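The values are calculated or read from the model by the stated rules, or taken from the named source; none is laboratory data. Everything numeric here is computed off the predicted structure, so don't read it as measured data. Because the Cβ atoms are built from the backbone with ideal geometry, glycine has one as well, and the counts that use them run over all protein chains shown.
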């Protein structure tokens with residue numbers, strides 16, 4: 001039984017009138033039944049309308065004008081039945097209802113026939129019917145005056161035809177022609193017009209396809225804006241709502257794929273689920289919506305690894321396949337979903353099932369068709385996955401053949417070709433590993449280079465391709481080309497990890513490129529470019545730090561000459577500081593802000609003297625960061641390892657032949673295990689201390705001794721700033737230097753420059769002490785530490801229940817110095833969630849994220865007498881994501897922290913000695929150095945007690 005709808009009463013009255021043979025009532029009844037079908041999807045309404053109009057037409061003589069009217073009304077009903085059932089006979093019937101129009105026929109006749117021709121072209125992928133439909137529409141448009149309301153209808157319909165032509169031919173020009181028509185159509189349609197939302201959606205869909213082809217983000221964001229507005233104008237429960245949900249979701253999923261925006265991927269998948277819930281399986285659009293949901297889910301799962309979503313999408317695809325229609329598209333999506341499920345679960349049956357389905361459909365796809373390229377690409381990647389799982393050489397051979405054919409069959413300017421190129425290069429790399437044929441390696445490098453140079457490809461994919469190009473060239477010993485590939489990857493970093501993303505997305509993207517800085521530096525050194533190596537190292541590390549601080553540092557000179565432009569850029573940078581995940585219009589705004597920032601930066605860089613604004617730092621700028629003493633960047637790569645000593649006069653390279661990334665990672669793991677064991681009294685404690693001492697000796701022999709030997713020629717070095725790269729950031733290089741120099745750390749050279757540029761304000765110190773912390777062990781010495789520091793500094797003390805996150809944040813603004821004596825937790829899985837444990841930490845934590853968001857101009861020194869406050873994550877060692885760097889971001893030019901857990905009693909002694917040194921006039925670095933040396937002298941065989949304390953900053 002049909003659900004109750006607003007059409008029920010009208011249909012009852014029309015049925016009574018139609019029973020008397022009233023022709024107008026009959027056509028009105030059929031039209032209203034069709035409207036009710038569109039509202040609730042009950043096929044019985046279409047069947048009744050079909051029978052009613054067909055019977056009426058049979059009773060009217062062929063030459064009578066009324067018969068053409070009835071048939072003209074029957075055509076859309078037959079089209080709906082075709083879309084519902086897939087029965088091509090209904091399409092043929094619809095076409096026979098609307099013969100080619102005569103010159104004197106009204107334009108609506110041509111539009112009706114052209115809609116049937118459009119469906120025929122779409123169903124058969126045939127340009128013949130499409131060409132006829134376009135000709136009919138253009139002829140109709142030529143007969144209409146500009147102000148005729150029907151002209152907008154024709155432009156909308158013609159724009160849809162051009163969109164279909166693009167799908168069949170991949171000609172970008174027809175999309176642009178369609179966009180021109182649809183913009184005019186939207187402009188000529190009043191905002192309150194019932195077709196306004198549909199026309200906005202048509203324009204948005206056209207622009208979305210254009211963005212998909214070209215990678216133009218401004219076009220994509222414009223499309224999303226139109227599609228979101230179209231959805232807002234379409235009330236819930238109306239027939240058009242699922243269409244609008246699908247349109248917007250498709251655009252959001254494309255945004256998510258292109259930018260690695262997890263929020264966009266998740267919002268898109270959610271909208272598609274809502275659209276599917278509103279669409280019964282017998283509805284003609286159900287299959288297309290299932291496909292959209294499958295595609296969106298695949299992209300989301302590639303980002304998140306959620307196997308439950310995979311299972312849901314695969315089940316939906318199987319249902320769609322059993323319903324028939326669009327089998328090739330469904331099979332392609334099922335292949336991608338199953339390949340992803342295999343990667344996550346190891347279920348080899350997924351690979352076999354997907355390959356069997358694709359092999360079955362391969363003969364039905366024309367060569368060169370977009371589906372053919374996608375089919376070949378999927379076959380190749382499935383065989384590649386099966387080769388990696390089982391090692392069958394035949395799978396590798398066939399993967400190479402399929403992916404090579406996909407590349408050759410694809411259009412040269414499409415992102416799809418670049419995706420195939422990437423997979424082709426990957427499989428060639430594996431073939432090289434098996435054959436050691438240098439020609440294969442060269443071919444892989446060329447394919448990676450080609451993909452990296454494709455502007456429409458996703459920025460992250462381009463960066464990964466460029467890095468792989470560099471690696472292939474390095475494996476061949478072609479160091480100039482290896483340098484070019486890695487340098488391109490570094491240049492693509494700002495696009496791949498853009499400011500528009502939330503912090504978790506940024507961290508995910510940076511994790512995918514972990515190690516890029518080290519390898520880019522090594523290749524530049526091999527190519528004989530030490531200055532470029534320094535620039536690459538500076539550009540590829542501390543990306544989050546740079547995004548958060550560059551606006552403060554790099555726009556000041558621009559403001560002197562172009563204050564309005566500089567002010568705009570500063571505001572945009574501030575609004576785009578790394579934040580949490582966003583969805584909906586808030587996410588749209590962030591993406592729009594990012595595009596506006598790029599446009600304003602392009603405008604600024606066109607001005608004399610500002611070509612490198614917010615770009616890679618110039619060597620002279622980096623040398624200036626070493627004005628107060630040398631900065632030593634320690635780099636370990638599989639290609640070579642070196643220390644780069646940066647002085648105000650230039651950069652000097654010190655080879656470190658005993659250092660490898662593997663050794664650094666092994667020592668980091670050994671250190672972490674030893675520190676943990678040393679904290680547990682028992683027989684293993686002494687062995688753990690010996691391990692730490694051995695690691696310190698290894699660091700001294702491998703890194704520190706060669707560096708200090710080279711620095712000895714400069715005379716005594718009271719200060720050295722260390723900047724270890726990659727896993728070396730987890731090791732206590734400063735402790736290996738011991739008494740020979742006063743050591744400090746800096747995550748990047750520009751971070752050091754910023755620290756030195758800050759002007760600390762006079763003012764009191766804040767001491768935060770938590771001797772008793774809810775949910776954590778007591779710290780008996782924290783109260784005594786706080787009391788001693790407060791007596792030395794005349795500090796304000798917040799302790800116990802008074803030390804809440806809100807109270808501390810508020811007090812920091814009035815106290816240039818701060819000393820924390822409390823617990824801290826480093827979170828390796830989510831480093832931005834690392835936190836200080838205050839009284840209300842279980843409800844409102846003081847995390848890296850909300851400390852870094854502070855802007856404390858005039859800050860002086862932060863002492864974090866707590867565990868692991870300088871511990872970075874092994875997943876993102878080059879990003880310095882820890883509590884120490886958070887306080888630096890907030891404005892503290894100097895921060896004292898710890899690499900691992902600290903002993904409560906030793907922490908009090910070090911803190912008191914440090915502040916006594918400060919009161920005596922020594923700097924924080926010298927004060928910490930002296931305090932640690934006293935502890936070292938007292939406990940020489942227990943390095944875990946003193947080697948973890950670090951000074952960062954000026």
| said: Could you tell me how many of the residues in segment 805-824 are surrounded by fewer than 19 Cβ atoms within 10 Å (Cβ to Cβ) and not in a helix (DSSP H, G or I)? | reply: 2
| Failed item in (1) in the same structural domain as residue 319 (by TED's automatic domain parsing); (2) at pLDDT 90 or above; (3) in contact with a helix residue (DSSP H, G or I) (Cβ under 6 Å, 6 or more places away or on another chain); (4) surrounded by fewer than 20 Cβ atoms within 10 Å (Cβ to Cβ), with residue 267 passing the rest | (4)
| said: Please pick out the residue among 891, 917, 897 that is in contact with a strand residue (DSSP E or B) (Cβ under 9 Å, 6 or more places away or on another chain) and in the same structural domain as residue 792 (by TED's automatic domain parsing). | reply: 897
| segment 35-75, residues that are surrounded by 14 or more Cβ atoms within 10 Å (Cβ to Cβ), modelled with pLDDT under 90 and outside any helix (DSSP H, G or I) | 41, 42
| field | Residue count, segment 76-99 (criterion: under 46 Å from the mean Cα position of the chain (by Cα) and in a loop (DSSP other than H, G, I, E, B)) | value | 2
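Counting only residues that are outside any helix (DSSP H, G or I) and within 51 Å of the chain's Cα centre (by Cα), how many does segment 5-20 have?
Qualifying residue count, segment 5-20: 3.
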| request: Would you be able to say whether some residue in segment 611-629 is out of contact with any helix residue (DSSP H, G or I) (no Cβ under 9 Å at 6 or more places or on another chain) and over 22 Å from residue 520 (Cα atoms)? | output: yes
| field | Search result, residues across segment 857-882 that are farther than 24 Å from residue 729 by Cα and touching a strand residue (DSSP E or B) at 6+ places or on another chain (Cβ under 9 Å) | value | 859, 860
| task | Name the residue, out of 664, 674, that is in contact with a strand residue (DSSP E or B) (Cβ under 7 Å, 6 or more places away or on another chain) and crowded, with 21+ Cβ neighbours inside 10 Å. | result | 664
| query | within 30 Å of residue 643 (Cβ to Cβ), surrounded by fewer than 24 Cβ atoms within 10 Å (Cβ to Cβ) and modelled with pLDDT of 90 or more - does that describe any residue in segment 457-466? | reply | yes
| Given (1) farther than 30 Å from residue 455 by Cβ; (2) at pLDDT 95 or above, where does residue 247 come up short, assuming only one miss? | (1)
| Qualifying positions in segment 836-860 - modelled with pLDDT of 90 or more, surrounded by fewer than 24 Cβ atoms within 10 Å (Cβ to Cβ) and not in a loop (DSSP other than H, G, I, E, B) | 837, 847
| note | Sole miss for residue 535 among (1) crowded, with 19+ Cβ neighbours inside 10 Å; (2) over 16 Å from residue 619 (Cβ atoms); (3) out of contact with any strand residue (DSSP E or B) (no Cβ under 6 Å at 6 or more places or on another chain) is condition (2)
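Results for (1) under 22 Å from residue 343 (Cβ atoms); (2) over 16 Å from the mean Cα position of the chain (by Cα), shown as yes or no for each residue.
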site: 250; (1), (2): no, yes
site: 261; (1), (2): yes, no
site: 266; (1), (2): yes, no
site: 289; (1), (2): no, yes
site: 300; (1), (2): yes, no
site: 311; (1), (2): yes, yes
site: 315; (1), (2): yes, yes
site: 323; (1), (2): no, yes
| said: Every residue in segment 318-370 that is assigned to a loop (DSSP other than H, G, I, E, B), more than 30 Å from residue 127 (Cα to Cα) and in contact with a helix residue (DSSP H, G or I) (Cβ under 7 Å, 6 or more places away or on another chain), please. | reply: 347
| task | List every residue pair whose Cβ atoms lie under 7 Å apart, where the two residues are 6 or more positions apart in sequence or sit on different chains, the first residue falls within segment 10-24 and is loosely packed, with under 14 Cβ neighbours inside 10 Å, and the second residue, located anywhere, is modelled with pLDDT under 85. | result | none
| Boolean, residue 450 is outside the structural domain of residue 258 (by TED's automatic domain parsing), assigned to a helix (DSSP H, G or I) and within 18 Å of residue 420 (Cα to Cα) | yes
| field | Options 666, 676, 670: the member that is outside the structural domain of residue 520 (by TED's automatic domain parsing), in a helix (DSSP H, G or I) and at pLDDT below 95 | value | 676
| From the set of residues in segment 885-935 that are out of contact with any helix residue (DSSP H, G or I) (no Cβ under 9 Å at 6 or more places or on another chain) and modelled with pLDDT under 95, which is surrounded by the fewest Cβ atoms within 10 Å (Cβ to Cβ)? | 921
| query | Which one is farthest from residue 147 (Cα to Cα) among residues in segment 187-211 that are part of a helix (DSSP H, G or I) and over 32 Å from the mean Cα position of the chain (by Cα)? | reply | 196
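Here is a yes/no grid of residues against (1) in a helix (DSSP H, G or I); (2) touching a helix residue (DSSP H, G or I) at 6+ places or on another chain (Cβ under 9 Å); (3) over 21 Å from residue 638 (Cα atoms):
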position	(1), (2), (3)
681	no, no, yes
688	yes, yes, yes
691	yes, yes, yes
697	yes, yes, yes
709	yes, no, yes
| Looking at this structure, is residue 524 modelled with pLDDT of 90 or more, over 22 Å from residue 834 (Cβ atoms) and not assigned by TED's automatic domain parsing to the domain that holds residue 598? | yes
